[in-house]
């Protein structure tokens, strides 16, 4: 992630949860999906992604399973748990509320 597009704390996990809500992915697939979802504006470095995936797994929001990627390589696949889906809903509501408040504040004259 470039400095000009640094994420606020907690938003990386929210983006990962959203990406995984669209279907199971291996790590690199999550990177590509976030890039696609944000129109290329947000690019996550692998060095930030994998620790975040591990935190989400540790908190019970993500399950993993080993499988084979499209290019026939062994890869760990990630998918949301029901707890992860609830967390995504909660965090999305919080984010939307903050975004609305920031938009209102920045439009003030």
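Residue 71 versus residue 57, label points 7 Å from Cα toward the beta carbon: distance in nm?
So the label points at residue 71 and residue 57 sit 2.1 nm apart.
Suppose R0 equals 22 Å. What FRET efficiency, 1/(1 + (r/R0)^6) with r the Cβ-Cβ distance, do residue 37 and residue 104 give to the nearest 0.05?
Computed FRET efficiency for residue 37 and residue 104 comes out at 0.35.
Highest first, please rank the peptides 20-27, 66-73 by the mean number of other Cβ atoms sitting within 10 Å of their residues.
By packing density, highest mean first, the sequence is 20-27, 66-73.
Using Cα atoms only, what is the angle between the long axis of helix 82-107 and the major principal axis of the chain, expressed in degrees (0 to 90) to the nearest 10?
For 82-107 against the chain, the angle is about 30 degrees.
Tell me what the chain gives for mean residue ellipticity at 222 nm when only DSSP H runs of n ≥ 4 count, each as -39,500 (n - 2.57), the sum divided by the residue total, rounded to 500 deg cm²/dmol.
Dividing the helical sum by the residues of the chain leaves -18500 deg cm²/dmol.
Report the residues of the range 56-94 in range of a label on residue 21: point 7 Å along Cα→C-beta, backbone N strictly under 18 Å from it.
56-57, 60-63, 78-94
What FRET efficiency comes out for the pair residue 64/residue 86, r = Cβ-Cβ distance, R0 = 25 Å, nearest 0.05?
It comes out at approximately 0.85.
Laboratory data are not the source of any read-out in this text; all were calculated from the coordinates shown. Because the structure is a prediction, the values reported are computed rather than measured. Ideal geometry is used to build each Cβ from the backbone, glycine not excepted, and the neighbour counts take in all protein chains shown.
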